[in-house]
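What follows is calculated from the coordinates using simple rules that are stated; it is not laboratory data. Since we're looking at a predicted model, the values are computed, not measured. Heads up, the Cβs are rebuilt from the backbone with ideal geometry, glycines too, and the neighbour counts pull from every protein chain shown.
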Amino acid sequence: MSLQEKYQTLLDLANQNGTSYELSESEGVLHIKGSAPSDAAKQQIWDEYNRIDPDYRAGDLMLDISVGGASGGGEHTYTVQSGDNLSKIAGKYGTTWQAIFEANRDQISNPDLIQPGQELKIPNA
């Protein structure tokens, strides 16, 4: 099993909760450096790491996750999926549906009518 396969659930979680990251592998160690949209999202990733390697003894993962964009960009983007609503999206990013609605007034006239495939700006909490 490759290291990426071993930590795939962690990577999947990062993708789901809006964490952006870069991967590299050297000398038997997987390096994940990224930026989580909120403290809650960062904690989810650490909780998954703890589930995979409860005593942090494997020594095969370097996890460096900060909160918010180090570049100071102030927002992420999110592609609306079937079944999403602004409250559900806001929960993933630790913000409010109102903040997402305000950031996307140029493309959303009714907060209850978002469409799969829309690219929404997600402001930092």
Using just the helices of the chain, give the 222 nm mean residue ellipticity in deg cm²/dmol: DSSP H runs with n ≥ 4 each add -39,500 (n - 2.57), and the total is spread over all residues, rounded to 500.
-> -9000 deg cm²/dmol
The chain: Lys pairs at Cα distance under 22 angstrom, eight or more positions apart or on different chains | 9
What is the packing order of peptides 86-97, 24-35, taking the mean over residues of other C-beta atoms within 10 Å and listing the highest first?
-> 86-97, 24-35
Please turn the phi angles of segment 98-113 into ³J(HN,Hα) values with the Karplus equation 6.51 cos²θ - 1.76 cosθ + 1.60 (θ = phi - 60°), one per residue in order, whole Hz, x for glycine and proline.
-> 5, 5, 5, 4, 5, 6, 10, 4, 5, 10, 10, 9, 10, x, 8, 10
If you take every DSSP beta bridge whose two residues both sit in segment 1-114, what share of them, in percent to the nearest 5, is antiparallel?
-> 50 percent
Reviewing [x] 31, 14, 12; [y] 34, 15, 12; [z] 28, 22, 11, the figure for semi-axes √(5λ) of the Cα gyration tensor in Å actually calculated from this model sits under [x]
Taking the dipole about the Cα centre of the chain, with the C-beta of Lys and Arg at +1 and of Asp and Glu at -1, give me whichever of THR9, SER35, THR95 is farthest to the positive side.
-> THR95
